[in-house]
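Colleague: One structure coming up, written as structure tokens, with questions to follow.
Just so it is clear, none of the values below were taken in a lab; they were calculated from the coordinates. Not measured: the values here are computed from a predicted model. FYI the Cβ positions are ideal-geometry reconstructions off the backbone, even for glycines, and counts take in every protein chain you see.
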Amino acid sequence: MRDIDRPDWADNPRLRAWLDAQSDAFPRWSIDQGGGWDFSADTVSFIEALYRSRYAECEEDHEHLDPAFTDVCAWYFGEILVRHCGLQWRCAPQEPTTPLPTVQAGHPVLYAARSSVPAAALELLDADEGAGGDDDGIPWWPLIDPASVLRATATGEMEWCLTDLLEACEKFNEWCKSVG
């Protein structure tokens, strides 16, 4: 079992505190950003444009980012993926003592949890992963760090846009249903 599939990654004080803080901050953030933020899939391009308008010139320097703004943006995009694609929030239960790759670093991420994937699809995904992930008939298994994705799309470091990620998650769900 991967760490991200352990129950303590799905429910822990660090994750709950972060999610609660963003949820509590959202009403004020929404007003400050002009309102109309309804978690519909149509607002994905708006959140990307909003973030890009504020941080397109950031490049690699993330020290001047405003967490009160960026964390709610990341949470909002994540909540769209939760509500429309069934992804689940995950976070390492303990703050790591040394820098690690993003998922292990304790940043909240979104994931198509193994428990939500039909057994037949899970078998194919596991076999593909074991073979190096080269089967083009097997879709990308969603694991998204929304904060990193927003930064990368704003600065042009990422080829995909947020609507591409939403569509990839929707295609993953369709594929799972078709083989499950």
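Colleague: Taking into account only those residues within the stretch 129-138 that are out of contact with any Phe, Trp or Tyr (no Cβ under 9 Å at 6 or more places or on another chain) and not small (Gly, Ala, Ser), which is surrounded by the most Cβ atoms within 10 Å (Cβ to Cβ)?
Modeller: Taking the candidates together, the pick is 135.
Colleague: Run down 110, 143, 124 and say which single residue is more than 21 Å from residue 90 (Cβ to Cβ) and surrounded by 13 or more Cβ atoms within 10 Å (Cβ to Cβ). Break it down stepwise before answering.
Modeller: Working: 110 fails: more than 21 Å from residue 90 (Cβ to Cβ); 143 fails: more than 21 Å from residue 90 (Cβ to Cβ).
Only one candidate qualifies: 124.
Colleague: Considering the stretch 144-166 alone, what residues qualify as being closer than 16 Å to residue 65 by Cβ and assigned to a helix (DSSP H, G or I)?
Modeller: Once the filter is applied, which keeps residues that are closer than 16 Å to residue 65 by Cβ and assigned to a helix (DSSP H, G or I), the stretch 144-166 yields 146, 147, 148, 149, 150, 151, 152, 153, 154, 155.
Colleague: Pick from 159, 167: which is surrounded by 14 or more Cβ atoms within 10 Å (Cβ to Cβ), farther than 28 Å from residue 14 by Cα and under 19 Å from the mean Cα position of the chain (by Cα)?
Modeller: 167 is the lone residue from the list that is surrounded by 14 or more Cβ atoms within 10 Å (Cβ to Cβ), farther than 28 Å from residue 14 by Cα and under 19 Å from the mean Cα position of the chain (by Cα).
Colleague: Can you name the number of the only condition in (1) assigned to a helix (DSSP H, G or I); (2) in contact with a helix residue (DSSP H, G or I) (Cβ under 7 Å, 6 or more places away or on another chain); (3) small (Gly, Ala, Ser) that residue 115 fails?
Modeller: So the condition that residue 115 fails would be (2).
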